[in-house]
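The values are calculated or read from the model by the stated rules, or taken from the named source; none is laboratory data. Treat the numbers as computed from the prediction; the structure is a model and nothing was measured. Methodologically, a virtual Cβ is constructed for each residue, glycine included, from the backbone with ideal geometry; neighbour enumeration extends over all protein chains shown.
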Amino acid sequence: MTRILIVDDEPQILRALRINLTARQYEVLTAAGGTEALRVTSAARPDLLVLDLGLPDLDGVEVIRQLRAWNPVPIIVVSGRAGGADKIEALEAGADDYVTKPFNVDELVARIRAVRRRIGPSETPENARIGRFTVDLVSYTVADEANGEAVHLTKTEWQILEILLQHPGVLVTQRKLLQQVWGPAYRNETHYLRQYMAQLRRKLEPDHTRPRYLITEPGMGYRFQP
């Protein structure tokens, strides 16, 4: 189910979009301000944002800029600002589409589908092998093929592992991992990564002191080596 975050300071719009999009089988989250939108995006990882520009605490264009520093989530602007300059500013900041208020919900749904098609499906593999472990990223399970037992991973461990598996053999920087998992305010908290990578290695590496699959690139980041 596609998860959509609606960001608008008008309660009636939040309610109307929640009802209409839920009826069309979308999972809907809401935020009434820019700061809340950044927090919810970091915590809930929505598949798409529908964003108003005229927010009470943080202008919508600034929300787009901050999101684009660490998250490629598709963004559709829905705004009462009809001027060409406003549209250009939002699109140049990183928005994927722009709908002017008032709008028809069917048109918005069509724009959502079009943006999702254009962005394309996720590149996350359905499963991967790490030594004797099979990682299923559809059901979010890890099975030990040696004894058939399941391995429990925490939500944060899953988030880190999924990002690494999306880029097999490629260095993923510390900053990218920190920003995608914890948010932009944590981009320098490298001790978080050390702690969680150590936990993943204890669970998934044949010898966690000499990792073969979850590799550290000192001072730079981490790499999943298939």
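Consider residue 212 carefully, then state whether it is in a loop (DSSP other than H, G, I, E, B) and surrounded by fewer than 14 Cβ atoms within 10 Å (Cβ to Cβ).
Here the answer is yes, as residue 212 does meet what is asked.
Of all positions in region 172-191, none carries a residue that is touching a Lys or Arg at 6+ places or on another chain (Cβ under 7 Å) and either surrounded by fewer than 16 Cβ atoms within 10 Å (Cβ to Cβ) or farther than 27 Å from residue 69 by Cβ (or both). In region 126-149, is there at least one residue being in contact (Cβ under 8 Å) with a residue 60 or more places away in the chain, at negative phi, loosely packed, with under 13 Cβ neighbours inside 10 Å and not in a loop (DSSP other than H, G, I, E, B)? Yes, region 126-149 contains a residue that is in contact (Cβ under 8 Å) with a residue 60 or more places away in the chain, at negative phi, loosely packed, with under 13 Cβ neighbours inside 10 Å and not in a loop (DSSP other than H, G, I, E, B). Within the set 17, 29, 108, the sole residue that is assigned to a strand (DSSP E or B), among the aliphatic types (A, V, I, L, M) and surrounded by 17 or more Cβ atoms within 10 Å (Cβ to Cβ) turns out to be 29.
Please go through region 73-85 and pick out each residue that is within 23 Å of residue 17 (Cα to Cα), modelled with pLDDT under 90 and not in a strand (DSSP E or B). 73, 80, 81, 82, listed by residue number.
Residue 70 satisfies every condition listed in (1) surrounded by fewer than 18 Cβ atoms within 10 Å (Cβ to Cβ); (2) of a type in the set (A, V, I, L, M, F, W, C); (3) at pLDDT below 90 except (1). Within region 158-167, identify whether any single residue is in a helix (DSSP H, G or I), surrounded by fewer than 18 Cβ atoms within 10 Å (Cβ to Cβ) and either assigned by TED's automatic domain parsing to the domain that holds residue 38 or hydroxyl-bearing (Ser, Thr, Tyr) (or both), and answer yes or no. No: region 158-167 contains no residue that is in a helix (DSSP H, G or I), surrounded by fewer than 18 Cβ atoms within 10 Å (Cβ to Cβ) and either assigned by TED's automatic domain parsing to the domain that holds residue 38 or hydroxyl-bearing (Ser, Thr, Tyr) (or both).
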